[in-house]
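Comments concern the structure below.
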Amino acid sequence: MARFAPTEHEFTVTTAARRLARGEVTMRALIGGSLEVRDRIHTVAVYILALLLVSFSRKRVQQMLDKAADMTEAVGRHPRPYCVV
């Protein structure tokens, strides 16, 4: 998932995900809280990724993400609105 998140948001998103996992905050409170919009989006993405990993194997989830990125590029868009270093 790190390859999809900008570096400057990694700490905020990781902290939010850990707070959620420890039960310190609910998803509703986290998303409706003081996070910036991009941080909210990436936090939801991390949560969705966690759900996918529970349901499918890591290899299968990676294949799903790669396919989604390929499909996005095929229609002339970029899967990430920022550069990947």
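Taking 7 Å steps out from each Cα toward its Cβ at Val54 and Glu10 produces label points 2.6 nm apart.
Computed from the Cβ-Cβ distance with R0 of 30 Å, the FRET efficiency linking Met71 to Val44 stands at 0.90.
May I ask you to rank Arg40, Arg60, Arg77 by accessible area, largest first, using a 1.4 Å probe over the protein chains only? The partial results should precede the final answer.
Numbers: Arg40 75, Arg60 115, Arg77 160 Å².
The ordering from most to least exposed comes out as Arg77, Arg60, Arg40.
The values are calculated or read from the model by the stated rules, or taken from the named source; none is laboratory data. What you are looking at is a predicted structure, and each value in this text was computed from that prediction instead of being measured. Reconstructed Cβ throughout: ideal geometry from the backbone, glycine too, with neighbour counts over all protein chains shown. Side chains included, ligands, DNA and RNA excluded: accessible areas come from the protein's heavy atoms. Shrake-Rupley method; radii C 1.70, N 1.55, O 1.52, S 1.80 Å.
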